[in-house]
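Structure record follows, encoded as structure tokens.
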Amino acid sequence: MPERTIGILGGMGPLATVELFRRIVEKTPARRDQEHPRIIIYDNPKIPDRTAFILGNGEDPRPELIDSAKKLESWGADFIIMPCNTAHFFAETIQRAISIPLVSMIEETAKLVRELGLRKVGLLATDGTIKGLVYHRALLNHGISIAVPGRKDQELVMRAIYDGVKAGNVELGRELLLKVAKKLEKRVDGMIAGCTEVSVALRPGDLSVPLIDPLDVVAEKAVRLALGEEF
């Protein structure tokens with residue numbers, strides 16, 4: 001099978017985009033440069049905030065998302081992945097605007113949760129991802145129930161994402177997320193790092209339940225697709 005070129009629609013945020021690129025490189029079974037797949041990264045931090053729009057008080061990100069996807073397609077990407085969970089609220093709209101696949105990090109994560117036999121998972125995500133039911137729809141379709149933080153704890157999650165990781169203070173983000181996650185883990189048998197900033201801050205051994213990291217899930221999927229193992 002011919003190799004395929006990965007397109008990364010990034011910038012949401014830049015550090016999460018770097019992290020996805022790093023994980024793809026690390027997960028590729030290559031012994032030399034030439035055995036790695038081609039990757040086109042469009043890091044577009046000018047895409048309006050997805051959560052703000054979903055909550056009804058921000059600029060529409062869809063024009064920039066669609067334009068970014070079209071650029072990646074025109075530059076030669078064979079499929080696209082997005083290191084932003086909340087942006088998947090707009091996945092169907094983006095997919096209709098392009099002729100190459102947009103691989104859903106959300107759907108791939110839901111499939112993995114089902115394969116692991118987890119029945120109830122906690123979700124650490126933005127207000128937009130939660131209100132937009134981005135993970136709820138995918139997980140419920142697989143018979144998996146979801147627990148989210150209470151109102152005060154969700155405020156800490158948002159602070160961890162925006163004032164912590166996105167602002168360059170990963171340690172603050174990690175401290176706040178661990179505080180919330182340690183409470184939430186008592187109610188579930190698995191946890192989803194449902195925001196790429198959460199993926200940057202938390203590590204698999206942090207919790208007493210499995211931490212499902214969608215960045216890892218989509219990185220592994222991208223490698224398989226790029227190397228011709230799927231499709």
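Descriptive notes on the structure:
- Among the residues listed as Glu59, Glu107, Glu92, the single one being in contact with a Pro (Cβ under 9 Å, 6 or more places away or on another chain) and modelled with pLDDT of 95 or more: Glu59
- Checked against the criterion of being of a type in the set (D, E, K, R), out of contact with any strand residue (DSSP E or B) (no Cβ under 8 Å at 6 or more places or on another chain) and under 23 Å from Cys195 (Cβ atoms), the range 34-46 contains one or more residues that satisfy it.
- In the set (1) in a helix (DSSP H, G or I); (2) surrounded by fewer than 21 Cβ atoms within 10 Å (Cβ to Cβ); (3) not β-branched (Val, Ile, Thr), the condition left unmet by Lys46 is number (1).
- Residue-level check: of (1) surrounded by fewer than 21 Cβ atoms within 10 Å (Cβ to Cβ); (2) touching a residue at least 24 places away in the same chain (Cβ under 8 Å); (3) not basic (Lys, Arg), Ala222 misses just (1).
- Selected residue (only one of Gly164, Gly150 is open to solvent by less than 50 Å² (accessible area, probe 1.4 Å) and in contact (Cβ under 8 Å) with a residue 24 or more places away in the chain): Gly164
- Residues that are open to solvent by less than 30 Å² (accessible area, probe 1.4 Å) and of a type in the set (Phe, Trp, Tyr), drawn from the range 50-104: Phe79, Phe90
- Qualifying residue in the range 172-184 (condition: surrounded by 14 or more Cβ atoms within 10 Å (Cβ to Cβ), touching a residue at least 24 places away in the same chain (Cβ under 8 Å) and over 23 Å from Gly205 (Cα atoms)): no
- Exclusive hit being aliphatic (A, V, I, L, M) and at pLDDT below 95, set Val200, Val180, Val170: Val200
- Selection count where residues are open to solvent by less than 30 Å² (accessible area, probe 1.4 Å), in a helix (DSSP H, G or I) and closer than 15 Å to Ala16 by Cβ, scope the range 203-217: 3
The values are calculated or read from the model by the stated rules, or taken from the named source; none is laboratory data. Please read these numbers as outputs of a predicted model, since none were measured by experiment. Here Cβ is always computed from backbone atoms with ideal geometry, including for glycine, and neighbour counts include all displayed protein chains. These accessible areas exclude ligands, DNA and RNA; they are computed on the full protein's heavy atoms, side chains included. Shrake-Rupley method; radii C 1.70, N 1.55, O 1.52, S 1.80 Å.
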